[in-house]
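The values are calculated or read from the model by the stated rules, or taken from the named source; none is laboratory data. Please read all numbers here as calculations on a predicted model, not as lab measurements. Cβ placement follows ideal geometry from the backbone for every residue including glycine, while neighbour counts extend to all protein chains displayed.
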Amino acid sequence: MSWLDIEYDLEVWLEIPPRWTIGATEPWEDDDERTPQEWATETAELWWEEHESDPVAGEVELLADTLAACVEQYPKMFPGFEVLLYLPSPTALPLPVFVSEFPSEGEKTSELRRVTLADDDGAAEAPIVEEFATESLGTGVRVLRYSVDSESNAVVSSLRYAWRSEEHGRDVVVITGSPAPSQVLRSLDDMDELAHSIVLRHNDYVPLDEDDN
């Protein structure tokens, strides 16, 4: 069994509880019976308490409704992925970040380029492809890419990271994107820091059958 251990900065990152993530198998505080709206309201209040300035009328409620919408919308985009929200201030629009690991398949370089869309012909310009190494995951790739939405004609910016763990036979992928390219660009330093914090854990323990005792 393998899983991801992500150490994120609690001042700029929120995690959507895994129990609301489609396809998730890990529990999230079994005794937590809050609804998404209740979680969003409590989180919005706490986020504003940590902020240096006081909210004006309606700002706490606006953030709560935004977080509730995030819970409803984002887990559906990449089912089974962990979903983090980049929220450097309570007035910012949350940027969704999706993280997952899965069995490795195919040749390493071509597969990492495929999942990061490094060779996407539909990009508005040639994607910016760079090697990205972390102490835990080794050397992978980071791809910054711009495309044009076919319906709105808006320029969409996406940022993807990918690594292969030969030791565990797993690939790790991080995905984010926004129709506001500046939102992704402003997050770059914090995104890189988050990527460096990811550790792929592995548990080789297999419980014995009672008959084997």
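Kindly indicate which of VAL97, VAL115 is out of contact with any His (no Cβ under 7 Å at 6 or more places or on another chain), surrounded by 13 or more Cβ atoms within 10 Å (Cβ to Cβ) and free of Cβ contacts under 8 Å to residues at least 60 places away in the same chain. Outline the logic, then answer.
Details: VAL97 fails: free of Cβ contacts under 8 Å to residues at least 60 places away in the same chain.
Of VAL97, VAL115, the one residue that is out of contact with any His (no Cβ under 7 Å at 6 or more places or on another chain), surrounded by 13 or more Cβ atoms within 10 Å (Cβ to Cβ) and free of Cβ contacts under 8 Å to residues at least 60 places away in the same chain is VAL115.
Evaluate the following for PRO75: is it farther than 23 Å from ALA44 by Cα and modelled with pLDDT under 95? Working first, answer last.
Details: farther than 23 Å from ALA44 by Cα: no; modelled with pLDDT under 95: yes.
Against the criterion (farther than 23 Å from ALA44 by Cα and modelled with pLDDT under 95), PRO75 does not qualify.
Look at segment 81-110 and say how many of its residues are over 30 Å from SER53 (Cβ atoms) and either in a helix (DSSP H, G or I) or more than 11 Å from the chain's Cα centre (by Cα) (or both). Lay out the reasoning, then the answer.
So in segment 81-110, the residues over 30 Å from SER53 (Cβ atoms) come out as 81-82, 98-110.
In the following step, the residues that additionally are either in a helix (DSSP H, G or I) or more than 11 Å from the chain's Cα centre (by Cα) (or both) were identified as 101-110.
Summing the residues that are over 30 Å from SER53 (Cβ atoms) and either in a helix (DSSP H, G or I) or more than 11 Å from the chain's Cα centre (by Cα) (or both) in segment 81-110 gives 10.
What residue, among those in segment 104-116 that are in contact with a strand residue (DSSP E or B) (Cβ under 6 Å, 6 or more places away or on another chain) and not hydroxyl-bearing (Ser, Thr, Tyr), is nearest to GLY177 (Cα to Cα)?
The extreme case among them is VAL115.
Does VAL174 satisfy the criteria of being in a strand (DSSP E or B), of a type in the set (Val, Ile, Thr) and either surrounded by 13 or more Cβ atoms within 10 Å (Cβ to Cβ) or modelled with pLDDT under 95 (or both)? Walk me through it before giving the result.
Values: in a strand (DSSP E or B): yes; of a type in the set (Val, Ile, Thr): yes; either surrounded by 13 or more Cβ atoms within 10 Å (Cβ to Cβ) or modelled with pLDDT under 95 (or both): yes.
So VAL174 fits the description; yes.
Would you please list the contacts, defined by Cβ atoms under 8 Å and residues six or more apart or on different chains, that run from a residue in segment 118-140 that is at pLDDT 95 or above to a residue that is surrounded by fewer than 16 Cβ atoms within 10 Å (Cβ to Cβ) and of a type in the set (Ser, Thr, Tyr)?
Filtered contacts from segment 118-140: GLU131/THR139; PHE132/THR139; ALA133/THR139.
State yes or no: is ARG201 among the charged types (D, E, K, R), under 17 Å from SER104 (Cβ atoms), more than 15 Å from the chain's Cα centre (by Cα) and surrounded by fewer than 20 Cβ atoms within 10 Å (Cβ to Cβ)?
Numbers: among the charged types (D, E, K, R): yes; under 17 Å from SER104 (Cβ atoms): yes; more than 15 Å from the chain's Cα centre (by Cα): yes; surrounded by fewer than 20 Cβ atoms within 10 Å (Cβ to Cβ): yes.
So ARG201 passes the test.
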